[in-house]
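This report concerns only the one structure given below.
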Amino acid sequence: MGITRGFGVDIGGSGIKGGLVDLEAGALDGERMRVVTPQPSTPDAVADVVAEIVDKFGWDGPVGITLPCVVKKGVALTAANVDKGWIGTNAAELFGERLGRSADQVVVLNDADAAGTAEMRFGAGKERHDGLIVLLTFGTGIGSALFLDGELIPNTEFGHLEVDGHDAEKRAAASVKEDKELSWEEWTPRVSRYISVLENLIWPDLVIAGGGVSKKAHKWLPLLDVRTEVVAAALKNDAGIVGAAAVAAHGIRH
Ligand code: BGC
């Protein structure tokens, strides 16, 4: 019998969320726990919260953890929306120590890559493994996960494409909509402009729109003016947790 339960923690600029995951259903198994991200969001402060969440559930198996950073071999290499102290931090080692787990029991990956993995296995990309699919998460920043024939090409940072002289996520992230109090009609053209630039560069077959705003997809997806088919993510806010847990239990491949 395969592994049927896992545990994921999704670290974001505003909240750290974790929970048990039913790996067959591709969904949370019970309630998730959310703790406000400590400010400053230093590696030590964040690791304390991660340990608190894992302890709370009494979970002793492998843990998948996302960071809003480029992550290679467990080391965070960027930090656009978290404390700069993450850059160069061996996150896998840090969490392993804090959680009392060996290196193979802790997997750390980029948040959008985790969300994309969940969508491809269980959500909007499930039946759509052929071709080039990009998941974009619209939240504090813009995250991206790229899949070719179902296989993840990790650590793409399409949220930082330069669009009309600006870092794309500074114009089109969901946080910008909130901060500037933009209506859907005002914000969506920014997203269209962003996706247009991206689609002219990589020519995807499908775009999956994720992040918190995917819950309101009906309000803005119809307003998009782009060439590529865009569908809403299915797992909404839980995609990062589910994807992280799945990767920790089964590895990155499908
Ligand atoms: C970061 C990405 C991250 C995305 C979503 C961006 O600012 O550079 O690594 O995936 O935000 O959190």
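The values are calculated or read from the model by the stated rules, or taken from the named source; none is laboratory data. All figures in this text were calculated on a predicted structure; none of them were measured in a lab. FYI the Cβ positions are ideal-geometry reconstructions off the backbone, even for glycines, and counts take in every protein chain you see. With ligands, DNA and RNA removed, areas are computed over all heavy atoms of the protein, side chains included. Shrake-Rupley method; radii C 1.70, N 1.55, O 1.52, S 1.80 Å.
Some notes on this structure:
- The residue that is farthest from the ligand (Cβ to nearest atom), counting only those in region 122-142 that are among the aliphatic types (A, V, I, L, M) and within 21 Å of Gly12 (Cα to Cα), is Val134.
- Exclusive hit being within 25 Å of Asp10 (Cα to Cα) and over 19 Å from the mean Cα position of the chain (by Cα), set Glu178, Glu162: Glu178
- Meeting the requirement of 2 or more residues that are farther than 17 Å from Gly125 by Cβ, open to solvent by 30 Å² or more (accessible area, probe 1.4 Å) and not polar (S, T, N, Q), the helices (runs of 4 or more DSSP H) wholly within region 142-254 are 168-172, 174-179, 184-202, 217-220.
- Of residues in region 1-17 being under 13 Å from the mean Cα position of the chain (by Cα) and not in a loop (DSSP other than H, G, I, E, B), the one surrounded by the fewest Cβ atoms within 10 Å (Cβ to Cβ): Gly15
- Being among the hydrophobic types (A, V, I, L, M, F, W, C) and within 14 Å of the ligand (Cβ to nearest atom) is true of Ala76.
- Test: residue in region 42-60 that is modelled with pLDDT of 95 or more, out of contact with any Ser or Thr (no Cβ under 6 Å at 6 or more places or on another chain) and among the polar types (S, T, N, Q): yes
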